[in-house]
1. Can you compute the charge dipole magnitude of the chain about its Cα centre, using +1 on each Lys and Arg Cβ and -1 on each Asp and Glu Cβ, nothing else charged? Give it in debye, rounded to the nearest 20.
2. When all C-alpha to C-alpha distances in the chain are sorted into bins of 10 Å, what percent of pairs does each bin hold, rounded to whole numbers?
3. Across the stretch 41-57, in residue order, what do the Karplus-derived ³J(HN,Hα) couplings come to in whole Hz, using 6.51 cos²θ - 1.76 cosθ + 1.60 with θ = phi - 60° and x for Gly and Pro?
4. Hey, which aspartates and glutamates would be in cross-link range of residue 67, C-alpha to C-alpha under 19 Å, not counting anything within fewer than 8 residues on its own chain?
5. With label points built 7 Å along Cα→Cβ from the Cα atoms of residue 77 and residue 41, find their separation and express it in nm.
6. Using each residue's phi in the stretch 5-20, evaluate 6.51 cos²θ - 1.76 cosθ + 1.60 at θ = phi - 60° and report the 3J(HN,Hα) Karplus result to the nearest Hz, with x for Gly and Pro.
7. When only Cα pairs under 8 Å and 6 or more residues apart are kept, what is the percent relative contact order across the chain?
8. Nearest 10 degrees, 0 to 90: what angle lies between the long axis of helix 59-70 and the longest principal axis of the chain (Cα atoms)?
Amino acid sequence: MASTVHLSVRSLQKLYKDFFHISCINEVIVSRTNHAKVLLLQTNDSIAEVCEQCGYNNQEHLCRQFKKQVGMTPTQYR
């Protein structure tokens with residue numbers, strides 16, 4: 001993304017945070033968590049399938065990020 005707008009990665013990160021008041025990576029985490037919440041409530045997909053659909057490479061990472069954002073595990077949320 002940075003090269004598309006002809007900025008260094010650091011410059012893009014700073015501008016993004018200044019404008020949106022959230023870091024790029026936190027925005028990705030929030031977006032993935034929100035998508036996981038929808039999938040958990042609206043599908044019967046396994047946690048592993050939800051993990052894959054949200055762009056996580058392993059289930060533990062999703063569970064850790066999800067619990068940090070939501071305050072409970074994906075299974076508890078479901």
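1. My answer is approximately 300 debye.
2. 18, 42, 24, 15, 1
3. 8, 10, 10, 9, 4, 5, 4, 4, 5, 4, 3, 5, 5, 9, x, 8, 7
4. Of all the aspartates and glutamates, those that pass the test against residue 67 - Cα under 19 Å, at least 8 places apart if same chain - are 27, 45, 49, 52.
5. The two pseudo-label positions are separated by 1.0 nm.
6. Listing the rounded values in order: 9, 6, 10, 6, 4, 4, 5, 5, 4, 5, 4, 4, 5, 5, 7, 9 Hz.
7. In percent, rounded to a whole number, it is 21.
8. 80
Quick note: the coordinates plus some simple rules give every number you see, no bench work behind them. Because the structure is a prediction, the values reported are computed rather than measured. We place every Cβ from the backbone using ideal geometry, glycine too, and count neighbours over all the protein chains shown.
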